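Structure first, then comments.
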Amino acid sequence: MEQWVTVLLPGDDVVFEETIELPKDDGSELVRHMRELSPELFKAQHYTLTEHELHLSTNDQDRVKRAWQYIYSNGCISK
């Protein structure tokens, strides 16, 4: 059975950034057709979020607490 810890990151400013890279163009007919129909799919998308949920694949809550203590002791600030 898989277990995890969920950490909610709320904020007034950006708390999470993600860039979705474009699909690989292998030169196939299918990819050429997809590029003709939806060229926006082949542009990297960048998202900035002011709220995000982290799902950490662990059931060791003490380890997660120690990780956050390390993060806050090395420059991260909380409101």
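The values are calculated or read from the model by the stated rules, or taken from the named source; none is laboratory data. This structure is a prediction, so every number in the text was calculated from the model and none was measured. Reconstructed Cβ throughout: ideal geometry from the backbone, glycine too, with neighbour counts over all protein chains shown.
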Given the conditions (1) modelled with pLDDT of 90 or more; (2) part of a strand (DSSP E or B); (3) exposed (fewer than 10 other Cβ atoms within 10 Å of the Cβ), every one holds for THR6 apart from (1)
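Do you know which residues across segment 29-48 are assigned to a loop (DSSP other than H, G, I, E, B) and under 18 Å from the mean Cα position of the chain (by Cα)? So that I can check it myself, show each step before the final result.
Of all residues in segment 29-48, those assigned to a loop (DSSP other than H, G, I, E, B) come to 38, 43-44.
Those that are assigned to a loop (DSSP other than H, G, I, E, B) and under 18 Å from the mean Cα position of the chain (by Cα): LYS43, ALA44.
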For segment 59-79, does any single residue satisfy the condition of being in a loop (DSSP other than H, G, I, E, B), among the basic types (Lys, Arg) and farther than 30 Å from GLN3 by Cα? no
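Can you find, within segment 49-69, the residue that is farthest from the chain's Cα centre (by Cα) among those that are surrounded by 10 or more Cβ atoms within 10 Å (Cβ to Cβ) and within 21 Å of ASP13 (Cα to Cα)? Full working, then the answer.
Kept after step one, since they are surrounded by 10 or more Cβ atoms within 10 Å (Cβ to Cβ), are these residues of segment 49-69: 49-54, 56, 58-61, 63-69.
Next, from what is left, pick out any that are within 21 Å of ASP13 (Cα to Cα): 49-54, 68-69.
Working: LEU49: 10, THR50: 12, GLU51: 11, HIS52: 8, GLU53: 9, LEU54: 8, TRP68: 17, GLN69: 21 Å.
Result: GLN69.
Okay, residues lined up against (1) in contact with a strand residue (DSSP E or B) (Cβ under 7 Å, 6 or more places away or on another chain); (2) modelled with pLDDT of 85 or more; (3) basic (Lys, Arg):
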| residue | (1), (2), (3) |
| --- | --- |
| ASP12 | no, yes, no |
| THR19 | yes, yes, no |
| LEU30 | no, yes, no |
| GLN45 | yes, yes, no |
| THR50 | no, yes, no |
| SER57 | no, yes, no |
| ARG66 | no, yes, yes |
| GLN69 | no, yes, no |
